[in-house]
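S.K.: Structure in structure tokens, see below.
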Amino acid sequence: MKLRKVNVNTASPGQARARILVIYTGGTFGMSYDRDGVLVPFDFEYILTQLPTLKNLALDITAYSFIEPIDSSNINIEHWQLIAGLIHEHYNDQEGFVVLHGTDTMAYTASALSFMLEGLGKPVVITGAQLPISDPRSDAREHMITALEIASDQSNGVPIVQEVCIYFDYELLRGNRSKKVESMQFDAFDSGNYPALAKAGVKIDYNYPLIRKNLNSETLVLRKTFDTNVAILKLFPGISRQVVHSILTVPGIRAIVIETYGAGNAPTSEWLLSELREAIDRGVLLLNVSQCPGGRVLPGRYETSRLLQQIGVVSGADMTTEAAVTKLMLLIGEYGVEKTRTMIGNELAGELAL
């Protein structure tokens with residue numbers, strides 16, 4: 001995958017107060033209109049033309065752009081590996097990182113990066129936009145400026161934020177707690193099970209007790225081996241045995257995220273329990289997460305969830321589907337199914353409450 005590198009010192013000719021690495025993958029954010037009115041990626045070499053107020057931040061920005069920007073619907077494992085690899089490669093010479101990304105799969109990327117970057121002690125702020133940066137009403141300009149400010153903010157020489165986050169519509173959210181919830185309004189993301197880490201008003205108001213701190217952040221370990229033999233089974237009234245069976249018996253399948261109702265409940269149909277039990281007996285890891293945007297799976301609270309617990313379905317607690325899928329793929333890729341079965345319920349990067 002080809003990249004273009006550009007360096008922009010917004011403090012020039014003065015001294016920059018921080019070094020920030022920006023990775024532009026594509027998406028709505030970085031598009032501008034050419035002479036024919038067609039949206040094309042803008043050149044980061046001219047970012048100060050689009051955002052002259054960046055000079056007030058006094059940053060030394062190194063920007064890596066995908067030469068062929070991609071729609072976030074096309075984001076895949078190799079893109080996560082490239083992004084995480086760049087962060088790992090430049091970890092010691094940068095104060096913070098900003099990833100510009102399309103909104104559709106941003107929560108998946110944020111979750112994946114949070115698990116890939118073990119020992120992270122610096123900010124990785126992912127942002128994007130609902131309107132291109134060239135649009136007069138675009139949200140891209142504020143998102144970019146505030147994301148850069150968050151990525152460079154320190155207290156007594158220590159980064160205020162030390163985790164992977166999403167910044168959108170004046171809120172900083174934990175990346176692996178976030179979901180895209182809106183496609184037409186500016187408030188596109190929410191983290192139903194975890195409060196905002198910061199809110200940007202006249203100043204950035206950090207919620208310090210909620211921000212994850214890594215006390216062993218001197219060494220960043222890059223985890224990048226994924227196993228994509230993971231699927232999602234979303235339950236709904238009237239779901240047929242044929243549909244369930246076809247998903248549970250996909251050749252090579254190793255784990256399935258089951259999106260259940262409410263607090264982890266599912267139909268008590270004998271055929272459904274039989275299909276799930278047979279999959280577990282074949283060694284498939286079944287992980288129970290709720291379809292609700294907030295709340296958590298409470299195994300055994302109702303009989304409909306107790307039966308799942310009895311046959312060996314593992315609780316996903318309050319993980320989002322995005323976090324559950326990416327966590328499973330990475331853990332299975334790194335450690336295999338059996339070790340993942342014991343690790344999946346452990347909190348790795350703030351993705352669940354124990």
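The values are calculated or read from the model by the stated rules, or taken from the named source; none is laboratory data. Please read these numbers as outputs of a predicted model, since none were measured by experiment. Positions of Cβ are generated from backbone atoms using ideal geometry, with glycine treated the same way; all protein chains shown enter the neighbour counts.
S.K.: From the residues in region 58-107 that are in contact with a helix residue (DSSP H, G or I) (Cβ under 7 Å, 6 or more places away or on another chain) and of a type in the set (Asp, Glu), which one is nearest to residue 132 (Cα to Cα)?
M.R.: 104
S.K.: Could you check, for region 284-294, whether at least one of its residues is of a type in the set (Ser, Thr, Tyr), within 21 Å of residue 254 (Cα to Cα), under 28 Å from the mean Cα position of the chain (by Cα) and part of a loop (DSSP other than H, G, I, E, B)?
M.R.: Checking region 284-294: not a single residue is of a type in the set (Ser, Thr, Tyr), within 21 Å of residue 254 (Cα to Cα), under 28 Å from the mean Cα position of the chain (by Cα) and part of a loop (DSSP other than H, G, I, E, B).
This table checks each residue for (1) within 14 Å of residue 165 (Cβ to Cβ); (2) of a type outside the set (Gly, Ala, Ser).
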| residue | (1), (2) |
| --- | --- |
| 185 | no, yes |
| 193 | no, yes |
| 198 | yes, no |
| 201 | no, no |
| 204 | yes, yes |
| 207 | yes, yes |
| 212 | yes, yes |
| 215 | no, yes |
| 221 | no, yes |
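S.K.: If a residue has to be in a loop (DSSP other than H, G, I, E, B) and either closer than 24 Å to residue 71 by Cα or at pLDDT 90 or above (or both) to count, how many in region 1-15 make the cut?
M.R.: 2
S.K.: Can you pull out every residue in region 242-279 that is in contact (Cβ under 8 Å) with a residue 40 or more places away in the chain and part of a helix (DSSP H, G or I)?
M.R.: none
S.K.: Of all residues being hydroxyl-bearing (Ser, Thr, Tyr) and more than 21 Å from residue 176 (Cα to Cα) in region 220-246, which is surrounded by the fewest Cβ atoms within 10 Å (Cβ to Cβ)? Just the residue, please.
M.R.: Going through the qualifying residues, I end up with 240.
S.K.: Would you call residue 309 in a helix (DSSP H, G or I), of a type outside the set (A, V, I, L, M) and in contact with a Ser or Thr (Cβ under 9 Å, 6 or more places away or on another chain)?
M.R.: Yes: the conditions hold for residue 309.
S.K.: Counting only residues that are surrounded by 24 or more Cβ atoms within 10 Å (Cβ to Cβ) and farther than 15 Å from residue 17 by Cα, which one in region 131-156 is modelled with the highest pLDDT?
M.R.: 147
S.K.: So, one more: Examine region 71-93 for a residue that is β-branched (Val, Ile, Thr), surrounded by fewer than 21 Cβ atoms within 10 Å (Cβ to Cβ) and either modelled with pLDDT of 95 or more or over 18 Å from residue 222 (Cβ atoms) (or both), and state whether such a residue exists.
M.R.: Scanning region 71-93 turns up at least one residue that is β-branched (Val, Ile, Thr), surrounded by fewer than 21 Cβ atoms within 10 Å (Cβ to Cβ) and either modelled with pLDDT of 95 or more or over 18 Å from residue 222 (Cβ atoms) (or both).
S.K.: Moving on to the next point. Would you mind stating whether residue 63 is surrounded by 19 or more Cβ atoms within 10 Å (Cβ to Cβ) and assigned to a helix (DSSP H, G or I)?
M.R.: no
S.K.: When you scan region 248-278, how many residues do you find that are of a type in the set (Lys, Arg) and surrounded by fewer than 18 Cβ atoms within 10 Å (Cβ to Cβ)?
M.R.: Here the count works out to 1.
S.K.: Name the residues in region 148-171 that are farther than 18 Å from residue 95 by Cα and either among the hydroxyl-bearing types (Ser, Thr, Tyr) or assigned to a strand (DSSP E or B) (or both), would you?
M.R.: Result: 168, 170, 171.
S.K.: If you don't mind, another one. Output the number of residues of region 234-262 satisfying the condition of being closer than 20 Å to residue 295 by Cβ and touching a Phe, Trp or Tyr at 6+ places or on another chain (Cβ under 7 Å).
M.R.: 1
S.K.: So, in region 195-218, how many residues would count as being touching an Asp or Glu at 6+ places or on another chain (Cβ under 9 Å) and either touching a residue at least 60 places away in the same chain (Cβ under 8 Å) or outside the structural domain of residue 166 (by TED's automatic domain parsing) (or both)?
M.R.: 2
S.K.: With the checklist (1) more than 16 Å from residue 24 (Cβ to Cβ); (2) at pLDDT 95 or above; (3) buried (at least 22 other Cβ atoms within 10 Å of the Cβ) in hand, flag the one item residue 126 doesn't pass.
M.R.: With (1) more than 16 Å from residue 24 (Cβ to Cβ); (2) at pLDDT 95 or above; (3) buried (at least 22 other Cβ atoms within 10 Å of the Cβ) applied to residue 126, the lone miss is (1).
S.K.: Turning to a different aspect of this structure: Being charged (D, E, K, R) and either under 14 Å from residue 129 (Cα atoms) or surrounded by fewer than 16 Cβ atoms within 10 Å (Cβ to Cβ) (or both) is the filter here, so list the residues in region 173-209 that pass it.
M.R.: Scanning region 173-209 gives 180, 182, 187, 199, 203, 205.
S.K.: Taking region 63-102 only, how many residues are among the hydroxyl-bearing types (Ser, Thr, Tyr) and in contact with a strand residue (DSSP E or B) (Cβ under 6 Å, 6 or more places away or on another chain)?
M.R.: Of the residues in region 63-102, 2 are among the hydroxyl-bearing types (Ser, Thr, Tyr) and in contact with a strand residue (DSSP E or B) (Cβ under 6 Å, 6 or more places away or on another chain).
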